[in-house]
Amino acid sequence: MHIAVCIKQVPDTKNVRIDPDTHTLVRQGVESIINPFDLFAVEAALKIKDETQARITVLTMGPPQADEALRDVLSRGVDDAVLLSDRAFAGADTWATSTTLAAAIRKLGDVDLILCGKQAVDGDTAQVGPEMATLLDVPYATFVKKIQMLDGGDLKIFRQTDEGVEIWKMPTPSLLTVIKEVGEPRLPSLRHKMRAKKAEIPVWGAADMGLPPESVGLSGSFTQVVRVFSPPRRTDRVLIQGTIEEQAEQLYRHLKEAKVPGL
Amino acid sequence: VGTGPAADLASYKGVWVFAEWREGVIHKVGHELLSAGRKLADKRSVELAAVLLGYQLDKTTIEELISYGADVVYVVDHPELAHFRDEAYAKAIVELIRQKKPEILLAGATSMGRSFIPRVAASVKTGLTADCTELDISDEGLLLQTRPAFGGNVMATIVCPNRRPQMATVRPKVMKPEKKPGHHGRVENLTLSEECFKSRVEVLEVIPEQDQTAKLTEADIIVSGGRGLRKSENFAIVEELAQLIKGAVGASRGAVEEGWIAPSHQVGQTGRTVAPTLYMAVGIAGAIQHVVGMQGSKVIVAVNKDPQAPIFDVATYGVVADLFEFVPAFVQKIKQERGE
Ligand SMILES: Cc1cc2nc3c(=O)[nH]c(=O)nc-3n(C[C@H](O)[C@H](O)[C@H](O)COP(=O)(O)OP(=O)(O)OC[C@H]3O[C@@H](n4cnc5c(N)ncnc54)[C@H](O)[C@@H]3O)c2cc1C
Ligand SMILES: Cc1cc2nc3c(=O)[nH]c(=O)nc-3n(C[C@H](O)[C@H](O)[C@H](O)COP(=O)(O)OP(=O)(O)OC[C@H]3O[C@@H](n4cnc5c(N)ncnc54)[C@H](O)[C@@H]3O)c2cc1C
């Protein structure tokens, strides 16, 4: 079984701000982390590998420094990593990102299972997994919390929806996007750290995957961000002060005036 | 922007709303989107359609969609649509888009919408904007789709200039549902080729959750507790208040990690996204990962003893107090007003 895991390096979102003058994202001084949901995807793959003879390849599309993210997960025990990096990839929307990742999966050739995170905490769209599966013409399931291997290569998956839990049987190859419940990510081990340090990580550009430059990045995107801005601050903020009794009284009155239900 | 031959934009007409139907009921977001879609359709002087997929769909359900402003309801009723599966649902919608060519398609950013709508967008090779909180339309008919990103720290307005339909998922409870008394609409029952309903996935079991998880996302009032509660038994303070005002009980990850409450109660980035009318955060610091899950709430009350706590940045009403003193006093106040 060959498992491909797609991971994304993201800015630590706590610190992302808009520059009030230039209206662009301030990236300076913002640390990069691996998208937390993608570490769950890596863990899900490692769990399968614990039980079967799976081989895991991790992919990321990003700038050259995304190499760091790949070495981090190599040190947790995945087998191989590929960096998809090319100036032409910059500015991709989810369609162009999916196009690039799908091409990489095709180039790997023998992938049985593709794992993604539920969503990336920067773009927050949760669209790349499903769109990539569509381009590869494989079935997919989102919000997966548990994966079981069945005899004969099928999978039994448990997905968490707004309404409850659904249990599906899926063939392979297929794609799953996972949530926290698949398992807490394991820590890097010393042995794997040594290997990760020395690993040769291939870098694939558009041409390596047979992608025309106009099909990727900004030029291959269907959507366009025309404006970014800071969310409007709440202007209706009220600080409630006084003794405990006065505070209780005031909050009660405010909520009554705001016609909040339940009181 | 946009590779390949540009779609023949002018041949795409009309605004569509996907009316999410599950086990016999329409999700409220369907009604909300019809109201939002009505405004877009009026501005474009085009028809507003509701698209309804399911099995054994009844007349009241369909007529209700018209009462929220639909000019036409496209109905596909088929046993294979009884349970949701991405593939069958997506293929059915893709087939309808190919036949009828709408210029705009909106769906709820629910676990269903966010799951299968990307397949629809990728299949018809168009753009998709996720989880919008605001929609407008330019004079040229370009849908201006505004959405939060970077955990809510940034808002972005996104367009899809060269592809049709323009597609967006929209966050539930953001748009206001408005009934249009006396509005007339027609119903078109459509049959699709059996090929459309084939799926490589088999649904083995659907286990509806009667517990908090489902209740949380639907709740109109939520009282959440955090690590400030200090120990498991103290969750009773939050529960008592919740019960008194008929709210559901939520929690921060801090409280969940301490093991004081089940993970299904967690609100935030790795928990639930909620948008009740009233959200009360009790002993919760307001870390960004918590805030992204509740900042859409209409009225937010924060109770925290630390005046610097970030939760006060998002609170409509901030109460700087010791929760162990304040919450019982507030409970007392409510009871007193009710004459109990
Ligand atoms: C403010 C803002 C708003 C945006 N809104 C939209 C929008 O509404 N629609 C749209 O089409 N694009 C949008 N984009 C562009 C979008 O963020 C990028 O296309 C991004 O590359 C992928 O989307 P995402 O971050 O939402 O990932 P998601 O779709 O949320 O990611 C899901 C999973 O896909 C995998 N994955 C995602 N990206 C990569 C990668 N680079 N390498 C490897 N694996 C990956 C990971 O497993 C991840 O967990 C927006 C960008 C910005 C800056
Ligand atoms: C990838 C990732 C995902 C995450 N996802 C989530 C998520 O989905 N949801 C979530 O909530 N968190 C999430 N977190 C964790 C988040 O960063 C915070 O650690 C967490 O929300 C803290 O919980 P807390 O506010 O209850 O605890 P604390 O940070 O410990 O805050 C306790 C608060 O209680 C106040 N307090 C203490 N005693 C009293 C008293 N007597 N009276 C009044 N106030 C008092 C304190 O002043 C303090 O502000 C995530 C973190 C990461 C890294």
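Given the pairs A:K169/B:K246; B:K28/B:K198; B:K176/B:K246; A:K180/B:K246; B:K28/B:K231; A:K146/B:K59, which are separated by over 32 angstrom at their Cα positions?
Values: A:K169/B:K246 39 Å; B:K28/B:K198 28 Å; B:K176/B:K246 23 Å; A:K180/B:K246 30 Å; B:K28/B:K231 37 Å; A:K146/B:K59 38 Å.
In this structure, A:K169/B:K246; B:K28/B:K231; A:K146/B:K59 exceed 32 Å between Cα atoms.
Restricting the trypsin sites (Lys or Arg not before Pro) of segment A:1-34 to loop positions (DSSP other than H, G, I, E, B) with no more than 16 neighbouring Cβ atoms within 10 Å leaves A:R27.
How large is the charge dipole for segment A:117-184, taken about the Cα centre, if only the Cβ atoms of Lys, Arg (+1) and Asp, Glu (-1) carry charge, to the nearest 20 debye?
Approximately 200 debye in magnitude.
DSSP finds beta bridges in segment B:212-337, and of those with both partners inside it, around 0 percent are antiparallel.
Within the listed set A:V216, A:V182, A:V16, the Gaussian network model of chain A (springs between alpha-carbon atoms below 10 Å) gives the highest mean-square fluctuation for A:V16.
How much length is gained on full extension from A:K156 to A:Q28, taking 0.36 nm per residue of separation minus their Cα-Cα distance?
Details: separation 128, 0.36 × 128 = 46.08 nm, distance 4.39 nm.
Contour length minus Cα-Cα distance gives 41.7 nm.
Say R0 is 45 Å: what FRET efficiency, to the nearest 0.05, do A:K169 and B:D139 get from their beta-carbon distance?
It comes out at approximately 0.35.
The residues of segment B:9-197 have, on average, 35 Å² of accessible surface per residue, using a 1.4 Å probe with all protein chains present.
At R0 = 60 Å, how high is the FRET efficiency between B:E202 and A:E245 if r is their beta carbon distance? Nearest 0.05 is fine.
Working: r = 61 Å, r/R0 = 1.01.
The pair B:E202/A:E245 has a calculated efficiency of 0.50.
Amide H to amide H distances under 5 Å link B:K13 with B:E103, where only residues 5 or more positions off or on other chains count and H is placed in the peptide plane.
Once every DSSP H run of n ≥ 4 in chain B is given -39500 (n - 2.57) and the sum is divided by its residues, what mean residue ellipticity at 222 nm do you get, rounded to the nearest 500 deg cm²/dmol?
Here the helix-only value at 222 nm equals -8500 deg cm²/dmol.
Below 11 angstrom from the Cβ of A:R253, what's the summed charge of the other residues (Lys, Arg +1; Asp, Glu -1)? Summing Lys and Arg as +1 and Asp and Glu as -1 gives -2.
Within the listed set A:V138, A:V26, A:V203, the Gaussian network model of chain A (springs between alpha-carbon atoms below 10 Å) gives the highest mean-square fluctuation for A:V26. Quick one: Cα centre-to-centre distance for segment A:107-166 and segment B:16-65, in angstrom? Centre-to-centre (Cα) distance: 28 Å. What Kirkwood Rh does chain A have if only Cα atoms enter the pairwise 1/r average? Answer in Å. Across chain A, the inverse of the average 1/r is 20.6 Å. Protein heavy-atom surface of the protein assembly as shown, 1.4 angstrom probe: 50% of the accessible area is carbon and sulfur, with nucleic acids and ligands not counted. Of all aspartates and glutamates in the structure, the ones whose alpha carbon falls short of 13 Å from that of B:K180, not counting any fewer than 8 places away in one chain, are B:E32, B:E63, B:E64, B:D71. The base-10 log of I(q)/I(0) for the protein assembly as shown, evaluated at q = 0.11 Å⁻¹, reads -1.10 [Debye formula, identical scatterers on Cα atoms, solvent excluded]. When +1 charges are put on Lys and Arg Cβ atoms and -1 charges on Asp and Glu Cβ atoms, the dipole computed for chain B relative to its Cα centre reaches about 600 debye. The equivalent ellipsoid that matches the C-alpha gyration tensor of segment B:59-133 spans semi-axes of 20, 16, 14 angstrom, in descending order. Annotation note: GluC sites (Glu not before Pro) in segment A:187-263 located in DSSP loop regions with a Cβ neighbour count of at most 14 within 10 Å are A:E200. A loss of 50 Å² or more of accessible area (1.4 Å probe, protein heavy atoms, ligands and nucleic acids excluded) relative to the isolated chain is seen in these residues of segment A:1-33: A:T13. Positive end of the dipole of segment B:9-197, charges at C-beta (+1 Lys, Arg; -1 Asp, Glu), about the Cα centre: which of B:G127, B:G69, B:S111 has its Cα farthest in that direction? Farthest towards the positive pole: B:G127. Each of A:M61, B:V223, A:V226 was scored by the projection of its Cα onto the charge dipole of the protein assembly as shown, and the greatest displacement toward the positive side belongs to A:V226; charges sit on the C-beta of Lys, Arg, Asp and Glu. Within a straight-line Cα-Cα reach of under 19 Å, A:K198 can be paired with the following aspartates and glutamates, leaving aside sequence neighbours fewer than 8 residues apart in one chain: A:D67, A:E68, A:D72, A:D79, A:D80. Rounded to the nearest 20, the size of the Cβ-charge dipole of segment B:9-197 about its Cα centre is 440 debye, with Lys and Arg at +1 and Asp and Glu at -1.
Summed over both chains, the contact between B and A buries some 7400 Å² of accessible surface at a probe radius of 1.4 Å. Between B:K176 and A:Q148, the FRET efficiency from the beta-carbon distance, with R0 = 41 Å, is close to 0.40.
Cross-link partners of A:K193 among lysines, defined as those whose alpha carbon lies under 22 angstrom from its own and excluding same-chain residues fewer than eight positions apart: A:K8, A:K47, A:K49. A Gaussian network model of chain A, with springs between Cα atoms under 10 Å, assigns the largest mean-square fluctuation among A:P232, A:P130, A:P171 to A:P232.
The values are calculated or read from the model by the stated rules, or taken from the named source; none is laboratory data. Because the structure is predicted, anything quoted here is derived from the model rather than measured. Here the Cβ is made from the backbone with ideal geometry for all residues, glycine too, and neighbour counts use every protein chain on show. Ligands, DNA and RNA are excluded from the accessible area calculation, which covers all protein heavy atoms including side chains. Shrake-Rupley method; radii C 1.70, N 1.55, O 1.52, S 1.80 Å.
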